[in-house]
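The values are calculated or read from the model by the stated rules, or taken from the named source; none is laboratory data. Because the structure is predicted, anything quoted here is derived from the model rather than measured. Glycine also receives a Cβ, built like all others from the backbone with ideal geometry; neighbour counts cover every protein chain displayed.
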Amino acid sequence: MTVLRIALREWRRILTLPVFYWLLLVVPPILFFFYAFIYQEEEIKDLPFAIWDESHSSVSRQLTFLLEQTVSIHIIRQVKSQSELEKVILKGEVMGAMHFPANMEKNILSSQPVNVTLYTNASSLVPAKMLFRNASEVIIMGGAGISLQKLIQTGMNPSKAMALVEPVKLTTLPLFNPDYNYFRYLVPGLITVALQMIIIMVGVLIFNYESKTGSLQELYALAKGSAINIMTGKMLAHLSVAWINFILVTGIIFPVFGIGQGMATFNFFVLFTLLAIACISIGLLISVVISDTMLASDIALFYTAPAFVFSGYTFPRWAMPWFDQYYSLVMPYSSFLDGFVKLYQMQLPMRFAIHEMSVLLLFTLLTFPLAYLVLKYKIRKEYILT
């Protein structure tokens, strides 16, 4: 009953203190919907593109037509020189351009190699890669088509000609995000890392904000001087808030916007619960060790802010320097993300994420007992002796 009373008391604080209800109940839905709306276009389409055609041939016109048919390329202008091409790219009028050299068709017909140049603004990495992918597909397909036509004109059987043009046929089968949808890829990561940050940022206020509001003695009295009662009650209250946000994300945001797999699975719920408990435990530890609210918040911000960068979501951890790889391991989100990809996006059985779940549990087993020992010492010093 003591634990329940402490949990209910914590809920009253969450609902009445602005620092809690803003961070836990008001900001999350606004932030989640904001993230979902940013990437509602799902794919980057119709990037402005320029053509520098010195060939003025049927081949260059056909390739230009095929480029316009791709998803990411939208041809908006023709340029007449490299300086003009570079100028429109530097001014941001186009994201890329294609150069067809003079005498291209003549060289093709005489079986001489032709160099077609693709220009992209690589300062925008993702659009540049999309332009490269679509443009290279067109040029490869166009080159193969020209070779096929020439072989058929010599009287070769079309099937044999195709075998010569394309001796090895590549079939690509992208899994789990086959259309390269940034909406389904980025939004779940942004939302879950925001949840981790919110849980830890609020967690560091749990105890030092009691001191700031002058309610520590009341809390100690309600708990009868028991540190474990206080920590368990507060843990339950904040875990229940985390579950509410989990329901908001997986029961409303994901289904409404068609993100990922839609509704949550039990495996994902277990993984998220382990993340929430680990984050609350980390917050509790910082909160009982650092009495100054501003300093504790700064430490939490310093700890949580790089989580997305070091998680491996946008850049693989194995490609990072060794010290960055070790740094990523001290943040629970890295392990959560690995498990999230397996359990939610790939829909694998829970046994495939046992390692990630064990690491999240280890965070709790290390931080919760330490927080308990520090709080027990504080209670003995501040409550029993007063």
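Observations on the model:
- Any hit, segment 304-317, residues being closer than 30 Å to Leu373 by Cα, in contact with a Leu (Cβ under 6 Å, 6 or more places away or on another chain) and buried (at least 16 other Cβ atoms within 10 Å of the Cβ): no
- All of Ala161, Ala242, Ala194, Ala227 fail the test of being at pLDDT below 70, aliphatic (A, V, I, L, M) and surrounded by 18 or more Cβ atoms within 10 Å (Cβ to Cβ), apart from Ala161.
- Considered as a group, the residues in segment 347-365 that are more than 13 Å from Ser335 (Cβ to Cβ) and not charged (D, E, K, R) include one that is surrounded by the most Cβ atoms within 10 Å (Cβ to Cβ), and that residue is Met350.
- Condition met for Gly233 (outside any helix (DSSP H, G or I) and in contact (Cβ under 8 Å) with a residue 60 or more places away in the chain): no
- Met294 vs. criteria free of Cβ contacts under 8 Å to residues at least 12 places away in the same chain, assigned by TED's automatic domain parsing to the domain that holds Asn229, more than 30 Å from Leu205 (Cβ to Cβ) and surrounded by fewer than 17 Cβ atoms within 10 Å (Cβ to Cβ): no
- Subset of segment 1-45 that is more than 27 Å from Arg184 (Cβ to Cβ) and of a type in the set (Ser, Thr, Tyr) - its residue that is surrounded by the fewest Cβ atoms within 10 Å (Cβ to Cβ): Thr16
- Selection status of Tyr344, loosely packed, with under 14 Cβ neighbours inside 10 Å, out of contact with any His (no Cβ under 9 Å at 6 or more places or on another chain), over 15 Å from Gly283 (Cα atoms) and not aliphatic (A, V, I, L, M): no
- When the residues of segment 82-126 are filtered to those that are among the β-branched types (Val, Ile, Thr) and not in a loop (DSSP other than H, G, I, E, B), the one that is surrounded by the most Cβ atoms within 10 Å (Cβ to Cβ) is Thr120.
- From the options Phe308, Phe323, Phe368, Phe340, residue that is modelled with pLDDT of 95 or more, assigned by TED's automatic domain parsing to the domain that holds Met231 and not charged (D, E, K, R): Phe368
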